[in-house]
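What follows is a single structure, written as C-alpha cells, with notes after it.
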Amino acid sequence: MGDLYGKVMPASKKQINDKTEYIKKQTDKLDKKIENIKSEVSNAKEQLFRQQEDHFNKTGQKINELQIAELRKHVDDIEKSVHNLTNSVNKLSNSLHLMDLQEKKIFRSTSESVWAHIFHDTIQGSEWLKNKTFYPGRWAAGYPFLYALYRSLNDFQPKSILELGLGQTTRMIGQYAAYQKECRHIVTEHDSEWIDIFKKGFELSSNTEILKLDIEKKSYYETEPSTAYVDFTERLKEKKFDLISIDAPFGGDHLEYSRMDILPLIPGCLNKDFVILLDDYNRKGEQNMIEKLEEILEENHIAYTTGKYWGNKDTFMVASESLKFLCTM
C-alpha cells in the first residue's frame, strides 16, 4: 500500500505550502514594484508643476503650451502603463490562487482515495465488523476518520466510549460495542427524526445508548455563537471514557470556536489510557477547540500525543502517551 500511496499522491503538503509561500512572496514583490512606480509618477507630476511655476515666476511667462502637452502626455502614458501592469498582476495573482486551490483539492481527493483503499484492506477479515457498508463524505466522517477509528477500536479495545453525533461512525462503534460484551457506548444526538430513521436501518445492541440532547447557540470567549448540546455536562459529568469520537454538533467554516462540549468534562471524564478523535480539523473552530483541549491537559500535567490524518477533511487525534502508536499509523 505504501507503493500505491507514493505513486498516486501529488506533491507533499510541505511542497504545496512552500509553493504557496513562494507565490505570496512574488505577488508581494510585484505589489511593492507597482507602489514604487505610482510614487515615481506622483513625484514626476509634482516636479512638472513646480518647474512650470518656477519658470513662470522667473520669466513671467508660461512654458510653451506644446511642451506642457508633451509632458502631460508622458505622465498620462506612465499612469496607463501602471494601470495595465496592476491589472495584469491582479489577474496573475488570481490565477495563481485558483491553481493553488485546485492543487490542494487534488491533493485532498487523492489522499481520500488512498485512505479508502487502506481502510478497506484493513477491515478485511475483521472479527467484529461484519457489516462493512459505510457512506462517508460530506457531513459524515471521511475515510481517514473511519480508518483511525477502526484502528483505535481494534488495537486499543476501549471499554467505555462516548460518541458525539449519530451516523456513519455509529455503524462501526455500534458493532464493536455489540461484540465487546463489557463495552458501554453512549452516542449523543439532537434530531429525533434522524434517530428513528437510523434505528430502522441499523440494529444497535443494548450496549449502545442513544442520548437525545437538544442543541442551542452558545458563545465562547465573546465570539460568534456556535452550536452546543443542552445539558451536555450535567448528563455526562459522572462518567469516564476510554474513547471519545467527536463529529457533532454542527460546526462551520467561519466560527472561532466549535464543538467545545467536552472541554468542561476534561480531564475528569478521561481514563488513564484514552483517545479523542475530532472530525473537520481543517476548520478554524475545531483547531481552536483542540488548542484549548491541549491547554487543559497541560495544566493538569497529563501527558499526551497528537496525530493528524487528512483527506477531503482533516481528522485530529489526541491520545495518552501509552497509545501514541495510534497517532502514527
- prompt: Want the number for E209 to W128: 0.36 nm per residue separation, take away the alpha-carbon distance, what's left?
  reply: 27.3 nm
Directionally averaged shadow of the stretch 155-231, computed from the convex hull of its alpha-carbon atoms, nm²: 6.4
statement: At the level of C-alpha centres, the distance separating the stretch 123-181 and the stretch 230-292, in angstrom, is 18
- prompt: Which FRET efficiency value, to the nearest 0.05, do you get for N90 and H254 by plugging their Cβ-Cβ distance into 1/(1 + (r/R0)^6) with R0 = 22 Å?
  reply: 0.30
- prompt: Based on the alpha-carbon gyration tensor of the stretch 125-328 and its eigenvalue square roots a ≥ b ≥ c, which shape applies: rounded if a/c is under 1.5, prolate if not and a/b is larger than b/c, or oblate?
  reply: rounded
statement: Interchain or sequence-distant (5+) residues whose placed amide H lies within less than 5 Å of the amide H of L255 are G285
- request: In nm, give the distance between the simple-model label positions of D77 and K181, each being 7 Å from the Cα along the Cα-to-Cβ direction.
  value: 9.4
- request: Would you kindly derive the ³J(HN,Hα) couplings of the stretch 253-263 from the backbone phi angles with the Karplus curve 6.51 cos²θ - 1.76 cosθ + 1.60 (θ = phi - 60°), listing them in order in whole Hz, with x for Gly and Pro?
  value: 6, 10, 8, 6, 9, 8, 6, 8, 3, 7, 4
task: Quote to one decimal, in nm, the extra length available between E222 and K272 on full extension: 0.36 nm per residue of separation minus the C-alpha distance between them.
output: 14.7 nm
Cα shape, the stretch 102-196, gyration tensor, a/c 1.5 rule: oblate
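Each reported figure results from applying straightforward, stated rules to the coordinates on display, with no laboratory input. Predicted model, so just to flag it, every value in this text is computed and none were measured. Cβ atoms come from the backbone with ideal geometry, glycine included; neighbour counts cover every protein chain shown.
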